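Structure record follows, encoded as structure tokens.
The values are calculated or read from the model by the stated rules, or taken from the named source; none is laboratory data. Not measured: the values here are computed from a predicted model. Heads up, the Cβs are rebuilt from the backbone with ideal geometry, glycines too, and the neighbour counts pull from every protein chain shown.
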Amino acid sequence: MEYEVKRPIRITIVTSAVMLLSACANLSAGNLFSHYSAQNNGVYSAVKSGQYDEAEQKLPEYIAGDILDNMEKGRVYFLNEHYPQSKSSLELSDSAVRVQQDKAVISVSDTATSVGSIAVNDNLNTYSPADYELGFLHLYLGLNYLQSNSLEGALVEMRRANQVQERARKDRERELESAQASLKKQGVSPNLGSVLSNYPDAGKTLQAVQNGYLLYLSALLYETSNDLNSAYVDYRRALAVEPDNAEIIDGTMRVAKRLGMNQDLEKLKKRYGDVNSLDSGKSRVIVIDEQGVVEALSAWKLSLPVYDSRGDGALYSLALPYYRSDASERFRELQLNDDALSSDQLTNVNLMAQRDLSERMPTIVIRQTLRVLAKDQMRKETAKGDDVGNLLFNVWNTLTEQADTRSWQTLPGKVYSASAQVNAGEQTLNVDGKDYTFNVEQNRTVLVWVSRQGNNSTVWHKQLGKL
């Protein structure tokens with residue numbers, strides 16, 4: 001009888017030790033027994049339906065850590081037109097990213113083999129934002145500066161966005177190498193093909209890895225500040241990503257003409273026709289139109305064959321994140337002064353998110369495999385064949401095996417651009433039946449920013465001067 005009492009106690013002690021080892025990361029009941037998409041569903045659903053006030057009220061104090069939590073807050077506050085709070089939250093996220101990147105050499109190896117995440121689940125690791133998320137972090141910081149009439153601050157964020165994305169890509173490559181090395185030390189070779197076959201490549205196109213929205217906005221702001229060389233570089237990069245976008249084409253040819261890039265201009269004319277210059281006495285309206293929200297990651301489980309160095313294998317149940325193939329929400333055409341605006345895509349955020357997941361899957365599977373081995377070894381050493389002990393461990397493992405569904409879920413699903421030449425004076429933009437009025441001076445350009453979710457929208461405009 002004494003033996004039977006001590007065994008569950010020992011199991012409890014080991015389980016508690018695992019939790020204590022995990023405490024340095026994101027330990028919480030939610031992260032132990034649930035996943036991010038489930039915990040964040042209230043905020044996500046509210047934003048998706050355009051209920052910005054409700055989304056703000058449902059913002060949690062802490063789920064995923066300083067980086068992701070503040071990204072979500074910054075975006076929700078921005079949609080709800082609480083710009084100081086938005087900027088403050090995004091700056092907190094940016095500061096946390098800087099701290100993480102300063103110790104990247106250490107954290108890259110720690111992420112792959114941290115005791116807490118291997119023993120429990122990946123949600124206990126510090127969140128490492130995807131490249132495209134880092135780009136959007138600086139894009140929305142830039143929009144905050146622009147909204148408060150600081151062109152200089154906005155341009156600083158545009159520059160930082162490009163630098164951060166390059167650094168993040170290199171860090172992610174090192175993380176995969178570290179994870180693979182850790183698995184080899186265990187003498188295990190996972191059958192990655194059986195898993196990755198369920199994650200088709202999102203497409204080897206620039207649209208999946210380069211943010212046309214960011215590049216176009218950056219080019220437009222550089223042009224506004226009369227830094228034509230920097231504007232031309234980003235217009236050309238944006239054109240490579242979205243070669244059929246009318247606003248990018250116009251901007252590229254407009255700046256090429258001003259810079260006297262005659263050879264480039266001739267090539268552009270052969271493909272796109274003459275430069276679409278602003279007619280005398282007219283004004284220009286440029287609209288950026290964000291639509292919907294990006295898909296949230298879902299969780300699923302599957303069996304993975306894992307083999308050791310002797311060729312012995314077994315099937316283990318693993319929890320993995322995936323994106324549903326849900327149809328995108330459709331929105332009505334915008335109307336400017338009762339005329340429909342024809343729009344072109346700037347960025348498909350869903351495509352970028354899917355591509356990022358596909359790139360991360362090998363590392364995710366390797367960590368899952370290491371965790372299965374760690375849990376199985378702990379069960380063998382602690383339970384030692386005891387039925388009660390095995391049952392307790394199986395229940396613990398089942399409850400805590402949660403897919404890592406963390407991602408910036410309040411980002412837009414797709415982003416479009418549109419433009420029109422208008423007579424100077426008052427303009428009326430109709431957004432899903434609601435009118436937004438603004439003025440534009442003769443021979444000047446106005447940027448109108450629109451974000452639409454459900455039956456609601458956020459709209460504001462800024463004068464860009466003579467372009």
Looking only at region 223-230, decide whether some residue is of a type in the set (Ser, Thr, Tyr) and part of a loop (DSSP other than H, G, I, E, B). yes
Pair list, Cβ < 7 Å and 6+ apart or interchain, from region 252-264 residues that are without any contact (Cβ under 8 Å) to a residue 60 or more places away in the chain to residues that are of a type in the set (Asp, Glu): Val255/Glu223; Ala256/Asp264
Criterion: of a type in the set (Gly, Ala, Ser), crowded, with 18+ Cβ neighbours inside 10 Å and more than 24 Å from Phe136 (Cα to Cα) - qualifying residue of Ala231, Ala256: Ala256
Asp356 of a type outside the set (Ser, Thr, Tyr), closer than 24 Å to Leu217 by Cα and at pLDDT below 95: yes
Taking only region 406-437 into account, find how many residues are more than 30 Å from Ala208 (Cβ to Cβ) and of a type in the set (Val, Ile, Thr). 3
Using the structure shown, decide if Val422 is of a type outside the set (Lys, Arg), touching a residue at least 60 places away in the same chain (Cβ under 8 Å) and surrounded by 20 or more Cβ atoms within 10 Å (Cβ to Cβ). no
Residue pairs, Cβ under 8 Å, 6 or more apart or interchain, first in region 439-467 and under 18 Å from Arg75 (Cα atoms), second among the basic types (Lys, Arg) and surrounded by fewer than 16 Cβ atoms within 10 Å (Cβ to Cβ). List them. Ser457/Lys434
Only residues in region 143-166 that are within 11 Å of Lys87 (Cβ to Cβ) and in contact (Cβ under 8 Å) with a residue 40 or more places away in the chain count as the first member; pair them with residues that are among the polar types (S, T, N, Q) and assigned to a loop (DSSP other than H, G, I, E, B), Cβ under 9 angstrom, at least 6 apart or cross-chain, and list the lot. Asn144/Ser150
Would you pick out the residues in region 241-292 that are basic (Lys, Arg) and either under 36 Å from the mean Cα position of the chain (by Cα) or in a helix (DSSP H, G or I) (or both)? Arg254, Lys257, Arg258, Lys267, Lys269, Lys270, Arg271, Arg284
All positions within region 404-449 that are assigned to a strand (DSSP E or B) and either out of contact with any strand residue (DSSP E or B) (no Cβ under 9 Å at 6 or more places or on another chain) or among the polar types (S, T, N, Q) (or both): Ser417, Ser419, Gln421, Asn423, Gln427, Thr428, Asn430, Thr437, Asn439, Thr445
Is it the case that some residue within region 146-162 is loosely packed, with under 15 Cβ neighbours inside 10 Å, at negative phi, touching a helix residue (DSSP H, G or I) at 6+ places or on another chain (Cβ under 7 Å) and at pLDDT 95 or above? yes
Exactly one of Lys48, Lys73 is modelled with pLDDT of 95 or more, surrounded by fewer than 23 Cβ atoms within 10 Å (Cβ to Cβ) and of a type outside the set (Phe, Trp, Tyr), and that one is Lys48
In region 217-237, which residues are over 20 Å from Lys462 (Cβ atoms) and either touching a residue at least 60 places away in the same chain (Cβ under 8 Å) or aromatic (Phe, Trp, Tyr) (or both)? Tyr232
